[in-house]
Structure formats: structure tokens, C-alpha cells
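*Asks:* Take this structure, written in C-alpha cells, and hold onto it; I'll ask about it next.
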Amino acid sequence: MVNSLSHLGIGFLIALALGFKGKKRNALGFLAILPDLDFIPYFLFALISGSVSHEARNQLFYLLGHREFLHSILFILLVTLFIWIKTKDRLFTAAGFAAIFSHVYLDYATSWKMRPFYPFSTETSTLGAIYFFDPLANILPLLPIFFLLVAYMKSRGKWKGKFNNFCALVTKNRSKLYPALLIVLVVWIAVLPVAKLFLVNYISGAEGAKISYQDTYPSSVGKFISAYSYNSTHYRIMEVSYWSGIEKSDYIEKINVTGAVPDASAYVERAGKLYSTAVPQEIDYPVYNVSEENGSVTVTLSDARDQYVKYWAYFKTVYRFVFDKESGKYVAYAREQEGKEEKLEENWFE
């Protein structure tokens, strides 16, 4: 999840490296941020999602949700086809593909699961190899924006006498500068997923267990939060790094029951089944807390890793199911880490 301004900068960097100027350069900048315009259909989804059936809600989420269809391979291909039909310019079409693909790839390579093969598959996946505040991936793309801003201000007669030597240096070396910056960025974002693969394989060997590549998420630069099912009752949570392997670890109980709750396992199973029908399916290592009060059983569902990170982009939602023991009916709530809890619509779960 690279910030939108850096996405824009990557679009400009592709344009400058290939020699595009004016409208085509600006168009490539727009294409690099196009997938994030899905906040517009997502707003529409939020308005109508409570008034449709459960299945319709899920399908609408796949189409209109943030980081859903507009972050899919099919959408990339459709946009690329549209560019070709409108321009018949091979180089510009290829640049357009690279601009929009760069956005989707960077989001996919950070810490947010997506459905890249929708509508052919609704399975989620991620590389999770690049920290979403990665300095190089976020800062390097700001350079072409700065170059263009300086050039624009100079053309408007402002900043006279300022940045003259800088502008002369950039102008003199632009045929090498922009391609070099682009190559550095491409190499960096291509190497990190491979480096993560070696780290995950090393940790798997050290633990004598199969560590999931997808469920190992970057928590800071060069560090990851990983987990696996240690036994029938506990998960093992680890903080690992490229430099020192496993730095911290802990065991998290899968099910916690407060007091004597008859049929606690049955309520846990029901909560799990309800959750499995909802989207976006962000919890990988479910932890259940069960309690009973005033004729109702409350099951709180969260991810075993969510207490180890702040301001996370994923597995950050905590669900609470309140079951009436007599009628069997339930009410569901959700909150994002320390956020405000909200009651969920009846069609949220099947």
C-alpha cells in the first residue's frame, strides 16, 4: 500500500523515462492512480449494501469494494485494451499498462490481500513483502514530481535564480537519470518478494513447521509478523527479520472461555461459520473469546496477530457475536482495533 502521491510519481517516472510529455505524460500519471478511484464505487456500495441480500452484498463488494475489481488483472487488461483502441500507439499502450500495473503490483506486494483473478476466482492472496511505509518505494517516486514542480514554477516565472544549477543538471542528464531511477525502483520491488521467500524458508526450517508465505506480513522495514498453528490449542506468533531471524515469539490460545459456559465450543463453531460467509475475509488465525451474561453468550473473534501491530492494513477488525440462548438469534458488531464498535447489517453474514 504505497501512498497515492508516490503512485502518481511512478506514473510520471515511467512517462519521463520513455520521453512522453504534456497530455500523454499526465495521462500516465492518472493511470498510475486510477485503481484508487475505487473509493467512488465503494461509497455507492456503502449506501446500498444494507438493502440487498447477503449474496448480492458479497458480489457487490467484489465489484465495488476498495482494492477489489479495480485492482484486478482483468481491469488492467480492459484499461490497456481501451488505451490501444483509442490511440493505436504501441509504446504509449505499453506505458499505460506499466503505469496501472505498477499500482496494483505495489498494493499486492505490501500488506493487503486482494482478489487479482476476480471474477474467475474470489480467492484472496498477497505477496506481503514490502512494508507499506518502505522509504525507497515511497520516497523515490516523489523525485519526478519534484522535478516537474520545479520546471513548472520556473516556466511561470517564479523561483527565479533558484534551482538553476539543479535544473541544468537534470536537463543535461535526463536521458540517463529517469531510466536509472526507474530501474532502481523496479529492481527493489522485484527483489524484496524473493528475499522474503528465503526468510520464510529459513524460519520454516528453524521452527520445523510450514510457515505460510502469504500470512507473513511486514511490520516494519525488514521485519515481519508471522504465525502458525503450534498445536490444537495454541498459535505461535513470531517477529522475524532479515538480520537476526526470530527476534520475538509468543503463544496465543485459540479459544478463551470466561467462566463456565455450557456448549462454548458450539458457539465458537457457529461464530466461525457465520464469519466464513462474509467479506472481506481478513482473519487468518482466528482467536475466540467466549463469555456468558444475562441469558446471552458473547463470542469475540479476532486475529491472533492483531495485538502485535498498530495502524495495520489487514486483519485489524474485531467481530463480536451476541447469541440469545433462548431464541438462538444473534446480533453482530465490528470494530477496527481501537476504533468505535458498530452494529453490522443483518445481511452481513449468511
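*Asks:* Out of E345, E338, I need the residue that is in contact (Cβ under 8 Å) with a residue 12 or more places away in the chain, in a loop (DSSP other than H, G, I, E, B), open to solvent by 20 Å² or more (accessible area, probe 1.4 Å) and farther than 21 Å from A264 by Cβ. Which one? Outline the logic, then answer.
*Replies:* Numbers: E338 fails: in contact (Cβ under 8 Å) with a residue 12 or more places away in the chain.
Going through E345, E338 in turn, the sole match is E345.
*Asks:* Search the stretch 319-335 for residues being open to solvent by less than 40 Å² (accessible area, probe 1.4 Å) and without any contact (Cβ under 8 Å) to a residue 40 or more places away in the chain, and hand back the single one that is nearest to the chain's Cα centre (by Cα).
*Replies:* A334
Quick grid of which residues meet (1) crowded, with 19+ Cβ neighbours inside 10 Å; (2) of a type outside the set (A, V, I, L, M); (3) out of contact with any helix residue (DSSP H, G or I) (no Cβ under 8 Å at 6 or more places or on another chain); (4) closer than 24 Å to F120 by Cβ:
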position: S4; (1), (2), (3), (4): no, yes, no, no
position: G9; (1), (2), (3), (4): yes, yes, no, no
position: L16; (1), (2), (3), (4): yes, no, no, no
position: G22; (1), (2), (3), (4): no, yes, yes, no
position: I40; (1), (2), (3), (4): no, no, yes, no
position: F43; (1), (2), (3), (4): no, yes, yes, no
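*Asks:* Turning to a different aspect of this structure: What pairs come up if the first residue lies in the stretch 75-103 and is at negative phi, the second is of a type in the set (S, T, N, Q) and surrounded by fewer than 22 Cβ atoms within 10 Å (Cβ to Cβ), and their beta carbons are under 6 Å apart, counting only those six or more places apart or on different chains?
*Replies:* I83/T93; W84/T93; F97/T80
*Asks:* Additional query: I'd like to check something: does the stretch 8-28 contain any residue that is farther than 30 Å from F147 by Cα, assigned by the TED database to the domain that holds P144, of a type outside the set (S, T, N, Q) and outside any helix (DSSP H, G or I)?
*Replies:* no
*Asks:* If you don't mind, another one. Output the residue which, of all residues in the stretch 166-201 that are at pLDDT below 85 and more than 19 Å from F20 (Cα to Cα), is surrounded by the fewest Cβ atoms within 10 Å (Cβ to Cβ).
*Replies:* Among those residues, the one meeting the criterion is A168.
*Asks:* Select from the stretch 42-70 the residues that are of a type in the set (D, E, K, R) and not in a helix (DSSP H, G or I) and write down the one among them that is nearest to the chain's Cα centre (by Cα). Break it down into steps so the answer makes sense when it comes.
*Replies:* Step one: of the stretch 42-70, the residues of a type in the set (D, E, K, R) are 55, 57, 67-68.
Subsequent filtering for residues that are not in a helix (DSSP H, G or I) retains 67-68.
Numbers: R67: 7, E68: 10 Å.
Of everything passing the filter in the stretch 42-70, R67 is nearest to the chain's Cα centre (by Cα).
*Asks:* Same structure, new question: Can you name the residue in the stretch 62-75 that is in contact with a helix residue (DSSP H, G or I) (Cβ under 7 Å, 6 or more places away or on another chain), closer than 13 Å to P119 by Cα and open to solvent by less than 20 Å² (accessible area, probe 1.4 Å) and, of all such residues, is modelled with the lowest pLDDT?
*Replies:* E68
*Asks:* For G22, are the conditions met, namely being touching a Leu at 6+ places or on another chain (Cβ under 8 Å) and not hydrophobic (A, V, I, L, M, F, W, C)?
*Replies:* It is false that G22 is touching a Leu at 6+ places or on another chain (Cβ under 8 Å) and not hydrophobic (A, V, I, L, M, F, W, C).
*Asks:* Could you pull out the residue among A168, A137, A129, A99 that is assigned by the TED database to the domain that holds F30, among the small types (G, A, S) and more than 21 Å from the chain's Cα centre (by Cα)?
*Replies:* Every option except A168 fails the conditions.
*Asks:* Hey, another quick one. Could you list all residues from the stretch 211-226 that are assigned to a strand (DSSP E or B) and more than 11 Å from Y285 (Cβ to Cβ)?
*Replies:* If the condition is that a residue be assigned to a strand (DSSP E or B) and more than 11 Å from Y285 (Cβ to Cβ), then Y217, P218, S219, S220, K223, F224 are the ones that fit.
*Asks:* Could you count how many residues in the stretch 87-114 are open to solvent by less than 40 Å² (accessible area, probe 1.4 Å) and in a helix (DSSP H, G or I)?
*Replies:* 13
*Asks:* Can you tell me which residue within the stretch 282-300, out of those that are under 24 Å from E68 (Cα atoms) and open to solvent by less than 30 Å² (accessible area, probe 1.4 Å), is modelled with the highest pLDDT?
*Replies:* Top of the filtered list is Y285.
*Asks:* Continuing with this model, one more query. Can you name the strands (runs of 3 or more DSSP E) wholly within the stretch 228-318 that have at least 2 residues being touching a residue at least 60 places away in the same chain (Cβ under 8 Å) and more than 20 Å from the chain's Cα centre (by Cα)?
*Replies:* Per the criteria, 234-241.
*Asks:* Considering only residues that are within 30 Å of K223 (Cα to Cα) and aliphatic (A, V, I, L, M), look in the stretch 246-278 and name the one that is surrounded by the most Cβ atoms within 10 Å (Cβ to Cβ).
*Replies:* Of everything passing the filter in the stretch 246-278, I252 is surrounded by the most Cβ atoms within 10 Å (Cβ to Cβ).
The values are calculated or read from the model by the stated rules, or taken from the named source; none is laboratory data. Since this is a predicted model, take the numbers as computed values, not measurements. Note that we place each Cβ from the backbone using ideal geometry, even for glycine, and neighbour counts take in every protein chain shown. SASA here: full protein model, heavy atoms, side chains in, ligands and nucleic acids out. Shrake-Rupley method; radii C 1.70, N 1.55, O 1.52, S 1.80 Å.
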